[in-house]
Amino acid sequence: MAKILIIDDEKSIRKTLREILEYEKYQVDEAADGAEGLGKIQKEKFDIILCDIKMPKMDGIEVLEKIMALSVDTPVVMVSGHGNIETAVEAVKKGAFDFIAKPLDLNRLLVTIRNAMDKSTLVTETKVLKKKVNKTFDMIGESKAIGQIKEMIERVAPTDARVLITGGNGSGKELVARWLHEKSNRSAAPLIEVNCAAIPSELIESELFGHEKGAFTSAISQRKGKFEQAEGGTLFMDEIGDMSLSAQAKVLRALQENKITRVGGEKEIKVNVRVVAATNKDLQKEIAAGNFREDLYHRLSVILIHVPSLNERKEDIPLLAEHFLKMICEDHGMPQKAFSKEAIKELQKINWTGNIREFRNVVERLIILCDKTITDKDVIAYARPLKG
């Protein structure tokens, strides 16, 4: 049942609103002035706050400002018999969900409350999703290698320096890129990802720089590329070593001049983007073989971060196992399981060619197939690849 707080100095108004809202099955609490209302807001969680504007001691606008300062997510609906357009605009600018004039229109009030409830639910769901996302992208490990990466991220993230992340498939390069963005001054702007290996070479330029209508057969409308989509934020170019030489030349120019040109276009477009790149290839060998431009390598590798393989940090396996165990059981809605000490030791013996990605999949398989306590025998039976 939704809980609504009414802040109004007129007892008759509070009584009328209470009767209406309780009839509509809402739970109602009251405050006779702003100070009392703020006290209740700090102690209890409300789904909606109805606040009068004209009150003694502390007017509604001041109450609204203090509610916003408390970083309370509850929608605030301002109510006033002395309202005008200017007051309504001021209230909304200061963070109010809506403004309703007295005498109250019952239908308008109930519609506003329902809309505010929808917003409140959306905010809660968004918070839950963000927690899930953050949990998914936690950097787990206490090994020396992971400690050095975390320290490097703290130092480098606040700058605009370009970063080249190296490491094997599934080792966590994308995770490093995400944390570089999250801890940067660009975190409020987008992080746009592009997997250079997954896009055909003839389409990579259109993907990165966009295209004008009619630039090629399937270009039926103008399209912004990844550089423009990442404006003000970070562009993460994964598997940069798989990019064609012609696309490399255009990326080099974009990095040198902070300008791009859409495919089929002539106009230069300024871009403000931080580029973070990643590769599982040895780019020095690719340069020697003529597959990668040396000048682009030097542009991208202002800062180099190498992500070690799981085989190089097996001391992190107990922490990783517990992390994935808890997360996967929650995601599947299953009772919490546990690894025996012997099972952990068995996991540490495995050659993890697929790194963290492979390890997570194995943990999920063990959770699904095994009993409450996962043993070393379970690991031997289900974790190792089948021998044919």
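The values are calculated or read from the model by the stated rules, or taken from the named source; none is laboratory data. The structure presented is a predicted model; accordingly, all values stated were derived computationally and were not measured. Note: ideal-geometry Cβ built from the backbone for every residue, glycine included; neighbour counts use all protein chains shown.
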Considering residues that are under 21 Å from Lys267 (Cα atoms) and either at pLDDT 95 or above or surrounded by fewer than 16 Cβ atoms within 10 Å (Cβ to Cβ) (or both), the number found within region 232-251 is 3
Of (1) β-branched (Val, Ile, Thr); (2) touching a Pro at 6+ places or on another chain (Cβ under 9 Å); (3) within 26 Å of Leu180 (Cβ to Cβ), Ile344 satisfies every one except (3)
Can Leu235 be described as in contact (Cβ under 8 Å) with a residue 24 or more places away in the chain and touching a helix residue (DSSP H, G or I) at 6+ places or on another chain (Cβ under 7 Å)? yes
Just a yes or no: is a residue in region 145-152 small (Gly, Ala, Ser) and at pLDDT 90 or above? yes
Has region 313-335 got any residue that is over 23 Å from Ile146 (Cα atoms), small (Gly, Ala, Ser), without any contact (Cβ under 8 Å) to a residue 40 or more places away in the chain and assigned to a helix (DSSP H, G or I)? no
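Conditions tested, residue by residue: (1) closer than 18 Å to Pro335 by Cα; (2) among the β-branched types (Val, Ile, Thr).
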| position | (1), (2) |
| --- | --- |
| Leu347 | no, no |
| Asn351 | no, no |
| Ile356 | no, yes |
| Asn361 | no, no |
| Leu366 | yes, no |
| Asp371 | yes, no |
| Thr375 | yes, yes |
| Val379 | no, yes |
| Ala383 | no, no |
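Enumerate the helices (runs of 4 or more DSSP H) found wholly within region 1-87, keeping only those where 1 or more residues are hydrophobic (A, V, I, L, M, F, W, C) and under 33 Å from the mean Cα position of the chain (by Cα). Show your work before the answer.
Working: elements: 11-23, 34-43, 60-69.
Correct list: 34-43, 60-69.
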Please list, ordered by first then second residue, the pairs with beta carbon atoms under 6 Å, 6 or more apart or interchain, first in region 283-304 and under 14 Å from Ser246 (Cα atoms), second charged (D, E, K, R) and assigned to a helix (DSSP H, G or I). Phe292/Glu286
